[in-house]
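Below is one structure, written out as structure tokens, with a few remarks after it.
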Amino acid sequence: MRIGQLARLVGIDTQTIRFYEQQGLLPPPDRQKNGYRVYTEEHGKRLAFIRRCRILDLSLAETSELQSYQDDPHQPCSAVNALLDEHISHVRSQIAALQAVEKQLVSLRAGCNDDREVERCGVLAGIREGSMYQQ
């Protein structure tokens, strides 16, 4: 199949497929005499795997590592679990950071009501007065 067909099948853009090829996540396809790439069902399976990894916010490096484990299926799962545990920790840190941002936004929003004019807006004043170095 050609790149457009593969893109529609997996639900990603053709440029993304080319990017994954350049990053080594997708093996290069064979080419026809006219230079068109020819993809196989295996390319589709690998792309679907990559897409699911990206939905889980796994990095390209993590995805590549998981692919390497998948390509050598007779090894223990402990390395896969360790990678996922590390990613879970990273996600939890992101959640905590986003909750802190949410708290700041709620606090800013509480400082203003709709009856004010913009020049007396509590939200804008709170942003102006807050230190750019605070977290």
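For the stretch 88-135, a tally of residues being under 30 Å from L56 (Cα atoms) and either polar (S, T, N, Q) or in contact (Cβ under 8 Å) with a residue 40 or more places away in the chain (or both) returns 7. Exactly one residue out of D85, D57 is acidic (D, E), touching a residue at least 12 places away in the same chain (Cβ under 8 Å) and exposed (fewer than 12 other Cβ atoms within 10 Å of the Cβ), and it is D57.
For L25, are the conditions met, namely being hydrophobic (A, V, I, L, M, F, W, C) and touching a residue at least 40 places away in the same chain (Cβ under 8 Å)? For L25, the condition - hydrophobic (A, V, I, L, M, F, W, C) and touching a residue at least 40 places away in the same chain (Cβ under 8 Å) - is met. Is there a residue being assigned to a helix (DSSP H, G or I) and surrounded by 13 or more Cβ atoms within 10 Å (Cβ to Cβ) anywhere in the stretch 109-120? No: zero hits. Taking the criterion of being open to solvent by less than 40 Å² (accessible area, probe 1.4 Å) and within 26 Å of E65 (Cβ to Cβ), the residues of the stretch 15-45 that qualify are I17, Y20, E21, L25, L26, P29, Y39, H43, G44. Tell me which residues, restricted to the stretch 3-14, are open to solvent by 80 Å² or more (accessible area, probe 1.4 Å) and in a helix (DSSP H, G or I). Listed by number, the residues that qualify are Q5, R8, L9. Given the condition more than 30 Å from H43 (Cα to Cα), out of contact with any Lys or Arg (no Cβ under 9 Å at 6 or more places or on another chain) and not hydroxyl-bearing (S, T, Y), answer yes or no: does some residue in the stretch 73-93 qualify? Yes - at least one qualifying residue is present in the stretch 73-93.
Per-residue answers, yes or no, for (1) at pLDDT 95 or above; (2) within 18 Å of A7 (Cα to Cα):
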{"residue": "L25", "(1), (2)": "yes, yes"}
{"residue": "R37", "(1), (2)": "no, yes"}
{"residue": "L47", "(1), (2)": "yes, yes"}
{"residue": "I50", "(1), (2)": "yes, yes"}
{"residue": "E65", "(1), (2)": "yes, no"}
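Checked against the criterion of being of a type outside the set (F, W, Y), in contact (Cβ under 8 Å) with a residue 12 or more places away in the chain and under 30 Å from I3 (Cα atoms), the stretch 67-81 has at least one qualifying residue. Determine, yes or no, whether D85 is over 25 Å from Q5 (Cβ atoms), in a helix (DSSP H, G or I) and either of a type in the set (S, T, N, Q) or at pLDDT 95 or above (or both). Against the criterion (over 25 Å from Q5 (Cβ atoms), in a helix (DSSP H, G or I) and either of a type in the set (S, T, N, Q) or at pLDDT 95 or above (or both)), D85 qualifies. Look at (1) open to solvent by 80 Å² or more (accessible area, probe 1.4 Å); (2) closer than 29 Å to F49 by Cβ and you find that S68 fails only one, number (1).
The values are calculated or read from the model by the stated rules, or taken from the named source; none is laboratory data. Bear in mind the structure is a predicted one, so any value in this text is a computation, not a measurement. Note: ideal-geometry Cβ built from the backbone for every residue, glycine included; neighbour counts use all protein chains shown. The area values use the complete protein model at the heavy-atom level, side chains included, leaving out ligands, DNA and RNA. Shrake-Rupley method; radii C 1.70, N 1.55, O 1.52, S 1.80 Å.
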